[in-house]
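Have a look at the structure below, then the notes.
No lab work stands behind these numbers, since they all come straight from the coordinates. Note that the structure is a prediction, hence the values are computed from the model and not measured. Neighbour counts run over all protein chains shown; Cβ positions are idealised from the backbone, glycine included.
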Amino acid sequence: MAETEGESLESWLNKATNPSNRQEDWEYIIGFCDQINKELEGPQIAVRLLAHKIQSPQEWEAVQALTVLEACMKNCGRRFHNEVGKFRFLNELIKVVSPKYLGDRVSEKVKATVIELLYSWTLALPEEAKIKDAYHMLKRQGIVQLDPAVPMDRTLIPSPPPRPKNP
Amino acid sequence: LGEESEERDDHLLPM
C-alpha cells in the first residue's frame, strides 16, 4: 500500500505524469483527483499544475497530464469544471495547439488530444460557455478544421440520477 | 465582488 499521508497535489501529479512511468499509473491519477476533492482550493491549484505539465516538451509527460485532466473532469465534479471553463485555463490549452504560441513545438498526438477534449466538453458541458467560445475561436483560426470523432468514453455524459425506489 | 472582478479579468487569448 502506498504511503499517502502528507501527499500534495503537486507530488501526486509529479508521480502521475512522471516520464519514466512505463504506462499510465491510475493509483496516482486517482490519488490526484481525490486530493483535489479534499482541498478547498484544489481545482484552482490543480488546473495551474496541469497546464504546466500539458505544455511539457516531453510528449509522454504531456500525454499523461491530459489523461489526468480527463480523469479529473470525470471525478472532480462541478468545482473542477468551473475552473476548466475559465479562459485562464482554456488559454493554456489554446497555446498548445496554436502555431502562434507552442503549436509548432508540440507533437500532433498531444494537439489532437487537446482538440478532442475541448470538443467533447462543448458537447458534455454546454453550460460552460467559454469552452465553446475557445473551441469556436480555434475553428475560426483554421486550427480546427473538422470536429474530431469523440470516443464514447470521452463524452463525459453523466450517468442518470438513481431512480427513486418504489415502495 | 472577488468573483466579479475575476470574471472581468478572464479573457480569451489574443490570436
- Among the GluC sites (Glu not before Pro) within region A:63-145, which fall in a DSSP loop and have no more than 12 other Cβ atoms within 10 Å of their own Cβ? A:127
- Message: Suppose a student asked you for the relative contact order of region A:1-136, using Cα pairs under 8 Å spaced at least 6 residues apart; what percent would you report?
- Response: 21
- What number, rounded to the nearest 500 deg cm²/dmol, is the helix-based mean residue ellipticity at 222 nm of chain A, given -39500 (n - 2.57) per DSSP H run of at least four residues and division by all its residues? -18500 deg cm²/dmol
- So, how do all the Cα-to-Cα distances of region A:65-119 break down into 10 Å bins, in percent, from 0 on up? 23, 55, 20, 2
- Message: Considering the Cα positions of chain A, please state its Rg to one decimal place and its Dmax as a whole number of Å.
- Response: 16.3, 61
- When A:137, B:15 are arranged by how many other beta-carbons sit within 10 Å of their Cβ, fewest first, they go B:15, A:137
- Item | region A:1-93: trypsin sites (Lys or Arg not before Pro) falling in loop per DSSP and having at most 10 other Cβ within 10 Å | A:22
- Computed on alpha carbon atoms, what radius of gyration and Dmax characterise region A:72-155, expressed in Å? 12.2, 33
